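Every number in this text was worked out from the coordinates using simple rules, so none of it is lab data. Please read all numbers here as calculations on a predicted model, not as lab measurements. Cβ atoms come from the backbone with ideal geometry, glycine included; neighbour counts cover every protein chain shown.
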C-alpha cells in the first residue's frame, strides 16, 4: 500500500494525497512504499524507532497513533471479510445442491474473501505487534528525590 510522508510535519498520508494538513503540497512522485527504519523527534531531534509512539522526551507521535487505529480497523474489516466469505461459501454450497454450475462463482468468491480476510488480519496483527514491541523499548522511569 503506497504512502506519503510529509517532510514538514512527518505525518503519514495515503498515496493519493495531494496536500498535508500543515500546508505542504505533495508532488506526484513523492510516493514512498516502505517506511524508514527511524524518524527524528521534532522536540529533542533524536532519531527514534519509526513505530515509537512516545519519545523519551515526552513528545507523542500522532502518525503512529493514526497508523495503530487504521491497523485495528483493518483487523475488524478482516473478520468481516472472513464472515462474508464463509457465508457466501455456505450459501453457494446450498445453491449447488439444488441448481446448476453457477455455484462455482459464489464458491470461488467466498474462498477469495476468506483468504483475503485472513491475510488482512495477519498483516495488520503483525504490524500491531511491531508497534507494541517498539513501545516496550522505552526506558524505565527514574524516581528523583
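Tell me, what is the percent relative contact order of the range 66-135, built from C-alpha pairs under 8 Å that lie six or more residues apart?
On the way: 72 pairs, mean separation 31.9, N = 70.
Worked out over the range 66-135, it gives 46 percent.
In which sequence would 41, 9 go, from the one with the fewest C-beta neighbours within 10 Å to the one with the most?
Details: 41 19, 9 14.
In increasing order of surrounding Cβ atoms, one gets 9, 41.
Taking neighbour counts of Cβ atoms within 10 Å as a proxy for exposure, in what order, fewest first, do 12, 119 appear? Provide the component values of the computation, followed by the final result.
Values: 12 18, 119 12.
Exposure proxy ranking, most exposed first: 119, 12.
Taking 41 Å as R0, compute the FRET efficiency from the Cβ-Cβ separation of residue 118 and residue 65 and round it to 0.05.
Details: r = 26 Å, r/R0 = 0.64.
Plugging the Cβ-Cβ distance into 1/(1 + (r/R0)^6) gives 0.95.
Calculated FRET efficiency, residue 133 and residue 9, Cβ-Cβ r, R0 25 Å, to nearest 0.05? All intermediate terms of the calculation are to be shown ahead of the outcome.
Values: r = 25 Å, r/R0 = 1.01.
With R0 = 25 Å, the Cβ-Cβ based efficiency is 0.50.
Can you work out D for the range 66-135 in µm² s⁻¹ from Stokes-Einstein, where Rh is the Kirkwood radius over C-alpha pairs, the temperature is 4 °C and the viscosity is 1.567 mPa s? Mind dumping the intermediate values first?
Numbers: Rh = 13.1 Å.
It diffuses with D of about 99 µm²/s by this estimate.
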